[in-house]
Each structure stands twice: as C-alpha cells, then as structure tokens.
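Let me begin by presenting the structure, written as structure tokens, before commenting on it.
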Amino acid sequence: MSLTLFFILLLFVVAFLYAAVGHGGASGYLALMAIFGMAPEFMKPTALLLNLFVSLSAFVLFYKEGHFKWKIFLPFALASIPCSFLGGMISLDASIYKKILGVLLLIPVARLLFFPNKDYYDLRQSVFLLSLLIGACIGFLSGLIGIGGGIILSPVLLLLAWTDQKQTAAISALFIFVNSMSGLAGQLTKGIEFQSGMVAFVGVAFAGGSLGAWFGARRFNQNILKYLLAIVLLMASIKLLLT
C-alpha cells in the first residue's frame, strides 16, 4: 500500500471517529499530517477546511436527535469567533507549532479517558460571563494552532457539568464549525493558498465524518469510540513532543 493511500485510509478513520463523538477532527488531522511530514503552512488551513465539512455534518445529526442547547452555545461562540480570527493571523515557527500541538493533543486524551458522561439530573446551570471568558481563550488558541476548539471546549463543559456527553458533542460540533470559519478567514489575511490535494482530503474526510456522525448520534456506544480515539491521539502527541 502506498503512503498516499495509507494516509487517505487513516484520514477516513480519523474523521469517522471524531465525528462520532461530535468533533470536527482538526487535532487528529494535524497529528496525522505531522506524522506524514507535511509542512505547518499546509497543515493549518487544510485541517480547518476539513473541520468545516466534518463538524457541520456532525452538528446536523446531533441537532436532529435533540441534543443541542443554544443557551449554552451562544456565549462561547460570541467571544470565540473574533478571537479565533485574531489567532489565525499569527504564524508560528514550525518546531514551536508542533510542540504546542503535541501538548494540546493531551487535552482530548484527558477528556476522553477521565471525564465520564453526566446524567441529566447531575447537570448545573451555565454562567454567561464565565462562558464568554472561556470562549475567548479557546477561540484565540484555536485560530493560532488551526483547530476548531472542540477538543478544549468538551472537557470544560463536562468538568463544569453544564452538559452531558451527547449535548457536549452537539455544542462542540457547531463551535468547531464557526471557529474554523473564523480561523480560516484570519489565515487568509496572511495569503495562504489552497492546494489541489485539499479537495481530495475534503471528500474523504466528509465521507468518513458523515458516516461517523450518523453512527455516533444514533448507534454507537460512545465508550468504545472514545478509548480508541484517545489511544491514537496519545501516540500522535508523544511523537510530536519527542521530534
């Protein structure tokens, strides 16, 4: 099997797994592209572009199943969108970029392994001002690295006990979508170019993400998926931090 075909197969699997838990997959795509030696200037816009399609398909399916909460989503989005744009305007040195990404990949690992699903009767009311502050911080970091921010927002929501796991997936999916758009717009101000290979990647990720979102919203046991995804991300994080 050629490296290109192997990459495409892995891209499909990553999109499938991420969408099944309500994520766009940028952290997984970035880790995958880093493992295959792609340049950061290609990685950031490609990951955000893939995020747009996968997170939107995930949001639609989780929304249809009644898991989305506008009241919780809006404060996060209002603060994160402009901050993501600002973060997207900043370029980082390649070695620093990979180290930051490696550390950030540990966040979804912790989220997937150590934050169990909450029952509806354990949930608390969200706090508007705290949501704005958290949204601004996540938005800036998301634009800077080239992710949608769902990997950071998800554990925060679960830690604060504002949402259960499927509500978290629904909110994170739309949060990822709007931040990916804003971060990509910020990167466009730096004169990035969309390369031909991105189109094929989008098609593969969208197919995997759509299928994963359908199974995640309706069929799958979330525990099996989250452990598999955590193992993959942990391996990628270790590689980035040690190279």
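If we scan the stretch 28-44, do we find a residue that is more than 23 Å from Met235 (Cα to Cα) and at pLDDT 80 or above?
Looking only at the stretch 28-44, we keep the residues that are more than 23 Å from Met235 (Cα to Cα), and these are none.
No: zero hits.
Output yes when any residue across the stretch 13-25 is at positive phi, at pLDDT below 85 and out of contact with any Phe, Trp or Tyr (no Cβ under 8 Å at 6 or more places or on another chain), and no when none is.
Residues of the stretch 13-25 at positive phi: 22, 25.
After this cut, where a residue has to be at pLDDT below 85 as well, the list is 22, 25.
Among the residues that remain, those that are also out of contact with any Phe, Trp or Tyr (no Cβ under 8 Å at 6 or more places or on another chain) are: none.
Checked against the condition, which is being at positive phi, at pLDDT below 85 and out of contact with any Phe, Trp or Tyr (no Cβ under 8 Å at 6 or more places or on another chain), the stretch 13-25 yields no hits at all.
Identify, please: which residue in the stretch 103-125 is surrounded by 19 or more Cβ atoms within 10 Å (Cβ to Cβ) and of a type outside the set (Lys, Arg) and is, among those, modelled with the lowest pLDDT?
Within the stretch 103-125, the match that is modelled with the lowest pLDDT is Leu112.
Search the stretch 87-102 for residues being over 18 Å from the mean Cα position of the chain (by Cα) and not β-branched (Val, Ile, Thr), and hand back the single one that is modelled with the lowest pLDDT.
To start, the set of residues in the stretch 87-102 that are over 18 Å from the mean Cα position of the chain (by Cα) comprises 89-96.
If we keep only those that are not β-branched (Val, Ile, Thr) too, we end up with 89, 91-95.
Numbers: Met89: 86, Ser91: 78, Leu92: 75, Asp93: 76, Ala94: 68, Ser95: 75.
In this case the residue turns out to be Ala94.
In the stretch 125-143, what residues are of a type in the set (Ser, Thr, Tyr) and in a helix (DSSP H, G or I)?
Residues of the stretch 125-143 that are of a type in the set (Ser, Thr, Tyr), as a first pass: 126, 131, 142.
Passing the criteria: Ser131, Ser142.
I'm told Met38 meets every condition in (1) surrounded by 14 or more Cβ atoms within 10 Å (Cβ to Cβ); (2) touching a residue at least 24 places away in the same chain (Cβ under 8 Å) except one. Can you identify the failing condition by its number?
(2)
For the stretch 45-60, does any single residue satisfy the condition of being of a type in the set (Gly, Ala, Ser), under 18 Å from Ala200 (Cβ atoms) and surrounded by 21 or more Cβ atoms within 10 Å (Cβ to Cβ)?
Narrowing the stretch 45-60 to residues of a type in the set (Gly, Ala, Ser): 47, 55, 57-58.
Those still in the list that are under 18 Å from Ala200 (Cβ atoms) too: 47, 57.
The next check asks that each one be surrounded by 21 or more Cβ atoms within 10 Å (Cβ to Cβ); those that pass are 47, 57.
So far as the stretch 45-60 goes, yes, one or more of its residues are of a type in the set (Gly, Ala, Ser), under 18 Å from Ala200 (Cβ atoms) and surrounded by 21 or more Cβ atoms within 10 Å (Cβ to Cβ).
Within the stretch 85-101, identify whether any single residue is touching a helix residue (DSSP H, G or I) at 6+ places or on another chain (Cβ under 8 Å), free of Cβ contacts under 8 Å to residues at least 60 places away in the same chain, closer than 19 Å to Gly28 by Cβ and buried (at least 21 other Cβ atoms within 10 Å of the Cβ), and answer yes or no.
yes
For the stretch 144-154, which positions are part of a helix (DSSP H, G or I) and within 12 Å of the chain's Cα centre (by Cα)? Before the answer, list the steps.
Within the stretch 144-154, the first condition is being part of a helix (DSSP H, G or I), and the residues that meet it are 144-145, 150-154.
Correct list: Ile145, Gly150, Ile151, Ile152, Leu153, Ser154.
The values are calculated or read from the model by the stated rules, or taken from the named source; none is laboratory data. Everything numeric in this text was worked out from a predicted model, so none of it was measured. We place every Cβ from the backbone using ideal geometry, glycine too, and count neighbours over all the protein chains shown.
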